[in-house]
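The values are calculated or read from the model by the stated rules, or taken from the named source; none is laboratory data. All values reported here derive from a predicted model rather than from experimental measurement. Cβ placement follows ideal geometry from the backbone for every residue including glycine, while neighbour counts extend to all protein chains displayed.
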Ligand code: SF4
Ligand code: MG
């Protein structure tokens, strides 16, 4: 698949009186067109910060301190984009450097290519406006040559896509259930045909069954429309079921990235292994929740070495002073990447290293 988004060496700090918190540290990844990527990790691992940095939605005291976010507008199926010509004018790689866009171009980029569904999105619907008018408002603002009846038809079509009867367009948010409000939010997110949707734990306020339905809905819609999706949830079983690829973050770094099935069947990073075993899954027999003893390191004072070493049952000498890069894990498919010395044959490792973690 064509690359839609490429993140190179991205870092984000939160400035605080007692020192900068290195919330995202040199993250690299690429997202293919229409790919569904799940981001997982404990709270505070940097997953939301990473997603918001990609969309340039961070506010002080958060600052991007380095790296690039490249967006390939030409990746659209029909090769089209609604981006203004001067924004589309790309660099030698054929990419738009999102971090360099002017505020005005950034707005164009966000509306035309990207949709973001925040954690509190369903409560952010305007309570005094019907949901139908809220969708039509977005269309009226950003598709100025769309006629009123076309907007109405499009709104009804969007409601049908997300499984709400179009006569509900006349409802006010409080007249809809939580699940329906969430569907309405998804309809709004899809209204302008974005190429990329970012969802940050969009369903945590809903009960488990509704959460599952909503995430199944959004992932099947994204597949159907070839829309790329980055979704963040603490529910690893949902990630594995619905995402093409999963990235696990720990202490501001991506510590493992692989196909969902590979992460599920044979996680390579000891942290992923611990996470998988601390969540019950819907596949096969339920695994016992074990949790991972200990807590993440202080993100203000990070020395060289593996950030997971204090919690890792396999830690050995090299882990204390060499930072493991995200690289292909031995005995895995080539696109399974892990940041762990256990897979670095150049470092002498102790007995557990030779064992298959899974
Ligand atoms: Fe554990 Fe060392 Fe691997 Fe870090 S690099 S996860 S401490 S074995
Ligand atoms: Mg978060």
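If the condition is being modelled with pLDDT of 70 or more and in a loop (DSSP other than H, G, I, E, B), then region 334-358 contributes 334, 335, 336, 339, 340, 344, 345, 346, 347. Somewhere in region 17-25, is a residue in a strand (DSSP E or B), within 16 Å of ligand 1 (Cβ to nearest atom) and over 11 Å from the mean Cα position of the chain (by Cα)? Yes, region 17-25 has at least one match.
Would you point out the residue of region 252-269, among those that are part of a loop (DSSP other than H, G, I, E, B) and buried (at least 23 other Cβ atoms within 10 Å of the Cβ), that is modelled with the highest pLDDT? Going through the qualifying residues, I end up with 252.
Go through the residues of region 140-163 one by one and say whether even a single one is in contact with a helix residue (DSSP H, G or I) (Cβ under 8 Å, 6 or more places away or on another chain), under 24 Å from residue 57 (Cα atoms), away from ligand 2 (no atom under 16 Å from the Cβ) and not in a loop (DSSP other than H, G, I, E, B). Yes: region 140-163 contains one or more residues that are in contact with a helix residue (DSSP H, G or I) (Cβ under 8 Å, 6 or more places away or on another chain), under 24 Å from residue 57 (Cα atoms), away from ligand 2 (no atom under 16 Å from the Cβ) and not in a loop (DSSP other than H, G, I, E, B).
Could you list, in sequence order, all residues of region 260-275 that are within 17 Å of residue 244 (Cα to Cα) and more than 12 Å from ligand 1 (Cβ to nearest atom)? Hits for region 260-275 are 260, 261, 262, 263, 264, 265, 266.
Residues in region 221-238 that are in contact with a helix residue (DSSP H, G or I) (Cβ under 7 Å, 6 or more places away or on another chain) and part of a helix (DSSP H, G or I) were compared, and the one that is nearest to ligand 1 (Cβ to nearest atom) is 236. Whether any residue in region 313-333 is modelled with pLDDT under 90, within 22 Å of residue 245 (Cβ to Cβ), within 11 Å of ligand 1 (Cβ to nearest atom) and in contact with a strand residue (DSSP E or B) (Cβ under 7 Å, 6 or more places away or on another chain) is what I want to check. Yes: one or more hits. Within region 37-90, the set of residues being part of a loop (DSSP other than H, G, I, E, B), modelled with pLDDT of 90 or more, over 20 Å from residue 142 (Cβ atoms) and more than 16 Å from ligand 1 (Cβ to nearest atom) comprises 46, 58, 59, 60, 61, 72. Within region 95-129, the set of residues being surrounded by fewer than 17 Cβ atoms within 10 Å (Cβ to Cβ) and outside any helix (DSSP H, G or I) comprises 97, 102, 119, 120, 124, 126, 127, 128, 129.
Considering each residue of region 288-297 in turn, at least one proves to be within 20 Å of residue 26 (Cβ to Cβ) and at pLDDT below 90.
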